[in-house]
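Right, one structure below, let's go through it.
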Amino acid sequence: RDHPGQGLGGVRGLGGRACEGQPIPQAARAEITDMAAVAAPHVLPPRPLAEADDRSSFDCGRQSMNAWFRRHAWTNHVNGASRVNVLCDVENGAIVGYVTLSAAQIERAFLPKSQQRNRPDPLPVTLLGQLAVRIDRQGQGHAASLLLFALRTALVASECIASIGVITHPLDETVRAF
């Protein structure tokens, strides 16, 4: 790699205020739990993946993401490797899209030089690992809803669990542009 930050996706600062033993403020918690404003029309607000959810028919158009979701999403969710949240259709409960979040870290060298001083190495971040929408529901705002949900969730979590930002590893330039 030519530049320390190359290939990391975006690093977005979420603030650094610690929870200091206080519960998450009610207003912040309401932002996450009342996700109806984030959900696109005809879907329920994002919620954690459930074992009973039918993952077998999900198809986002990318075989690798379909296979991961069908085979590994539940195990990763239950074991704490990542948290998987889904958007479901209001009418039939079918999964419309999913997003994963997990804890991660980056080397201090990946930050701009001006932000490296007096920082620990490595630094805690939140990884937005996967975000996918069914192929027949793409272009309807569901990906943006899931992204907003993920960023809000990461922000609220950073109030109690240190995270200096959110990183992604886009699969290609089209995903990076989103």
Stretched fully, the stretch from ARG47 through GLN116 gains (0.36 nm per residue minus C-alpha distance, one decimal, in nm) 21.2 nm
In segment 129-178 the accessible area split gives carbon plus sulfur, as whole percent at 1.4 Å, a share of 62 percent
If R0 = 22 Å, then ALA67 and ASP172, at their Cβ-Cβ distance, give a FRET efficiency to the nearest 0.05 of 0.80
By the mean-Cβ-within-10 Å protection proxy, highest first, 85-95, 155-165, 71-81 rank as 155-165, 85-95, 71-81
Averaged per residue, the 1.4 Å probe accessible area of segment 46-178, protein heavy atoms only, in Å², is roughly 53 Å²
Rounded to 0.05, the calculated FRET efficiency for the beta carbons of ASP59 and GLU107 at R₀ = 30 Å is 0.25
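The values are calculated or read from the model by the stated rules, or taken from the named source; none is laboratory data. A quick note: this is a predicted structure, and the numbers were derived from the prediction, not measured. All Cβ positions, even for glycine, are placed from backbone atoms using ideal geometry, and neighbour counts span all protein chains on display. Heavy atoms of the whole protein, side chains included, go into the accessibility calculation; ligands, DNA and RNA do not. Shrake-Rupley method; radii C 1.70, N 1.55, O 1.52, S 1.80 Å.
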